[in-house]
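The structure appears below as structure tokens.
The values are calculated or read from the model by the stated rules, or taken from the named source; none is laboratory data. Because the structure is predicted, anything quoted here is derived from the model rather than measured. Note that each Cβ is placed from the backbone with ideal geometry, even for glycine, and that neighbours are counted across all protein chains shown. Please note that ligands, DNA and RNA were not included when accessible areas were found on the heavy atoms of the full protein model with its side chains. Shrake-Rupley method; radii C 1.70, N 1.55, O 1.52, S 1.80 Å.
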Amino acid sequence: MKLVVGLGNPGKKYDRTRHNVGFDVVDRCADELNISIDQSKFKGLITEARIGSEKVMFLKPMTYMNLSGEAIGEITRYYQLAPDDVLVIYDDLDLPPGKIRLRQKGGHGGHNGIRSTIQHLGTESFNRIRIGIGRPAPGESVTNHVLGSFSPDERTAVNEAVQQAADAVQAWGGQSFKQVMNDYNS
């Protein structure tokens, strides 16, 4: 079994904000697989599906971004998942809006949701899809930037990135993550 986690903050207040692009990808996957992410368990909303021959759990932590690792840690311990069976999707300030990057390991890069995930998994070695949200404008705080909405031009680019990331998730159902990285990193 594989686990796909989209990071974000719960509640209408945060819908479609920069910090919630991980939720957006999981929602896109659910739409394409014709499933609902509506079961409350493991401090999050979960569902499962089949992608090819692979059973895949989807998780949207409801702990708020900074405590995302609590939900991820609970579900991975319960199902005894190896870190390489986990894929975490999240926003990245250091990539321009709409750019995606896939990695198999790394540090938290200042991202509190990833910091929490590393803490609760006990490793930096887990699969990731980072979606670019760009840096704040001069004088704008990082908090206001990540909790803000995309401009129309950014939204167009980010919608394309969300689709690319959802396609990468689907590809992971039948390929190694290394192959998916080769196909989706540009």
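Can you pull out every residue in region 1-50 that is in contact (Cβ under 8 Å) with a residue 60 or more places away in the chain and among the aromatic types (Phe, Trp, Tyr)? Listed by number, the list holds a single entry, TYR14. Scanning region 174-186 turns up no residue that is in contact with a Pro (Cβ under 7 Å, 6 or more places away or on another chain), at negative phi and of a type in the set (A, V, I, L, M, F, W, C). With respect to being touching a Gly at 6+ places or on another chain (Cβ under 8 Å) and polar (S, T, N, Q), THR117 fits the description. Counting only strands (runs of 3 or more DSSP E) that fall entirely inside region 40-102 and contain at least 2 residues that are over 21 Å from LYS178 (Cβ atoms) and open to solvent by 10 Å² or more (accessible area, probe 1.4 Å), the qualifying elements are 44-51. Taken over region 141-173, the residue count meeting the criterion of being open to solvent by 70 Å² or more (accessible area, probe 1.4 Å) and within 14 Å of the chain's Cα centre (by Cα) is 1.
Within region 10-21, is even one residue of a type in the set (Gly, Ala, Ser) and farther than 28 Å from GLN179 by Cβ? Yes: one or more hits. Somewhere in region 174-184, is a residue open to solvent by less than 50 Å² (accessible area, probe 1.4 Å) and over 19 Å from CYS29 (Cβ atoms)? No, the conditions are met nowhere in region 174-184. Among the criteria (1) at pLDDT 95 or above; (2) open to solvent by 40 Å² or more (accessible area, probe 1.4 Å); (3) under 25 Å from SER151 (Cα atoms), the one GLU32 does not fulfil is (3).
For region 7-29, a tally of residues being open to solvent by 60 Å² or more (accessible area, probe 1.4 Å), under 21 Å from ILE100 (Cβ atoms) and of a type in the set (Lys, Arg) returns 2.
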